[in-house]
1. Show me 260-268, 276-284 ranked by packing, highest mean number of other Cβ atoms within 10 Å first.
2. Can you list residues whose amide H is under 5 Å from N60's amide H, if they're 5+ apart or on another chain and H is modeled 1.01 Å from N?
3. Would you compute the Debye intensity of the range 255-324 from its alpha-carbon atoms alone, equal scatterers and no solvent, and pass along log10 I(q)/I(0) at q = 0.26 Å⁻¹ to two decimals?
4. Which entries in the list K130/K371; K315/K380; K380/K426 go over 30 Å, if you measure between the two C-alpha atoms of each?
5. Would you kindly compute the Cα radius of gyration of the range 334-472 and its largest Cα-Cα separation (Dmax), both in Å?
6. Mind putting a number on the dipole of the range 334-472 about its Cα centre? Charges go on the C-beta only, +1 for Lys and Arg and -1 for Asp and Glu, and I need it in Debye to the nearest 20.
Amino acid sequence: MLRQTLIAVLFLLFSNNVNAKILIPGKVINPIDSVIKLVVLPTELGGERMELTAKLNNNNAFQFTLDSDVAILADVYHGAIGFPIFINPNKAVAFYLTVLDVKQGKVNYKGPGKADNTFFLEYQKFVSTKLENKKLASLKKSKAKEFVAFVQKRQKQKEQFIKNYQENYQISFSKELENWINNDIIYESAELLLKYPQLYYLANQKLKRKELSKKYYHFLENIRINNDSAILQPSYLGFLEGYFFVYRIEKAKDRQLLYSFKNQIKYVERFFIGNAKYYLQSLILLDGINSNPKWVEDEYRKFIVSKAPPSLIQKVKTRYALNTAPIKGKKIPTDFLVNTQGSTPEKDIFNNKITYIFFWSRLDERSLYEKRYMRRLARKFADEPRIQICMISTDRNIDNWKKYIADRAHFVNDPKIKHYLLHPRKALDFKTNFRLKTVPEYYLINDRGRIVSAHTWPPSSGGAARMIRRLLEGTTK
């Protein structure tokens, strides 16, 4: 049924420089629910999923208090309506949203464009539907000039969209939002170049091969590799991870770095500063959590007393405690599981194959976000018969889960992905024995069916593929 409603929400955001608290008051006109919810999803920098709920008072007003000293993106939900907002701790922002209809779970938005927040709706739509795109496989075969032209065209398209947006709505972006946009453009281009460094080399043919690394690193410095203001942006984190693990280690085939977490830490300490350094240190430490126990303990103790962001330190503490617990080495029994036919699977489903397990729920937003990356992870190992991926749902209704899976043939038909349900009557015992506190969660099992790493990298992170590959090569015991 078509419902028309108008929501006008006024967000007044400001920060206290002492405790970095952001006060977010607002008001809903013609509400369709009695509550409003603010959701901040965890980033690769750390932190847990944060969900704040406020009840509307008699005047339909509400207020949130959020701890943050950086500009971030969050989602606001009112009934079935959800929309992104840009939270800037140093600037008041007015936001108005018109919801035209809510039908079959779909929401169409229309905003007047007179506030920073409305930009993200249009920007996301533009990037997903109109931005120049090519299959990455075809880029590998492209000539260097064609590749560089493709990258530059995407940059110009984004810049032109931003210019047109401001002219159409007669608005000016805040300095903080301009920085966010510029970083997004810069780091996306950097990520493409990082995937194909040989093309960057061909585009600079006057360079001798031995000079490539120095020249390329100089290029990275010029786009602010140590940019603390962008540390929460996924594109920036992907850029850092790509530079270090893809370009510097895998593409360069630097065995001293590839097989030595100690050397990786030394390299990061030499070339990186600030949050970029701490972020990469945390990746290396958690990557090597199952290596030399003495080294891990020493690095862990140094890291938790460093000047790294508190959320990042907490992430490392949590992962360290979970990954060093006795759960490592346990076998996961199959009698806790149900297959898509509704029966208990064979006992040997985890034998003779390295298995990446994704615990998830169709009702959890973060699970559905990570689910999109599962097929990408599966494609990376499509030609490797020793690797399998298992998606284990924690949903309590078997019939609803079976229907959900059956309606998504692209998942069921993927030979690399197996689907199971955690039996509702046995779920509590399993969660207790295997420290499964929430979803989504990710476990890695060796070819003997034993847990190698629990609460490990999500599929959206490059760490998941690296971890599987190391186990495949026999470098993780």
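FYI, it's all coordinate maths here, none of it is from the lab. Keep in mind the model is a prediction, meaning the values are calculated, not measured. Cβ sites come from the backbone with ideal geometry, for glycine too, and all protein chains shown count toward neighbours.
1. Result, highest mean first: 276-284, 260-268.
2. It is none; the list stays empty.
3. -1.29
4. Among K130/K371; K315/K380; K380/K426, the Cα-Cα distance tops 30 Å for K380/K426.
5. Answer for the range 334-472, Rg first and Dmax second: 13.8, 38 Å.
6. 320 debye
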